[in-house]
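Contents: one structure, followed by commentary.
Values in this text are rule-based calculations from the coordinates and carry no lab data. The structure displayed is predicted, hence computed values, not measured ones. Neighbour counts are summed over all protein chains in view; Cβ atoms, including those assigned to glycine, are modelled from backbone coordinates with ideal geometry.
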Amino acid sequence: MNKPTRRTTKVLAAATTPVALIGAAALIYTSSYAAFTGQTRNSGNQWSTGSVSLTDDDNGSARFQVKDMLPGATDTKCIKVTANASVPSTVKGYAVNPVTSPQGLENRIKVTIDSGTGGSFADCSGFVAGGPAHVTDVSLSQIAQVNTFEAGFGGWTVDPGVRDRTYRLTYKFDTTGMTQSEIDQLQGATTGIDMQWEMRTNG
């Protein structure tokens, strides 16, 4: 049998060194595990998010369903919005789902929206405005452009808890400045829009 050369001996020594280290580490770990130990714990740490919910008293009904409307027609309806927030929040209103007409009736329906207390979807009696109107004599076509929360009107700041506010909406079919021919062209036209109220937490 040939004796290992000096080079072979060096290679074998290098290869066995890691094994020796691993073995030593295992011995140290086993020895430490057998020692006395003590523990303490800071229990019950948890984080939960705030919550907001927004409801109204319309029971899924449209605020306005006007048929056979004539020039000069007007009407007023209310809706009570209830906010339930665990953190400070803001409620705004904006338009969604606009319905346009070939005749441009949406340009002639003017809307005023103000908010306050009292009144309900069923009956506006007792409504008391709580500040300047949010929208005054603005056409449906213009309101349709306010279609995001960021651009929304109202800005009702809601403190934590259950709060409500009533919104009063008045429309009128305004034909001011139109000729009889122009008014006649609006016959049979239909337009519409949905008003959406949204609440977001502040910050």
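Report the label-to-label distance for residue 184 and residue 67 in nanometres (one decimal), using points 7 Å from each Cα along the Cα→Cβ vector.
That separation, rounded to one decimal, is 2.6 nm.
Can you give me the convex hull volume of the Cα atoms of segment 52-201, divided per residue and expressed in Å³?
Looking at segment 52-201, the number lands at 109 Å³ per residue.
Note down the relative contact order for segment 52-201 as a percent, whole number, built from C-alpha pairs under 8 angstrom at least six residues apart.
Values: 337 pairs, mean separation 61.3, N = 150.
Here the relative contact order equals 41 percent.
What distance in nm separates the simple spin-label points at residue 148 and residue 162, each placed 7 Å from Cα in the Cβ direction?
3.5
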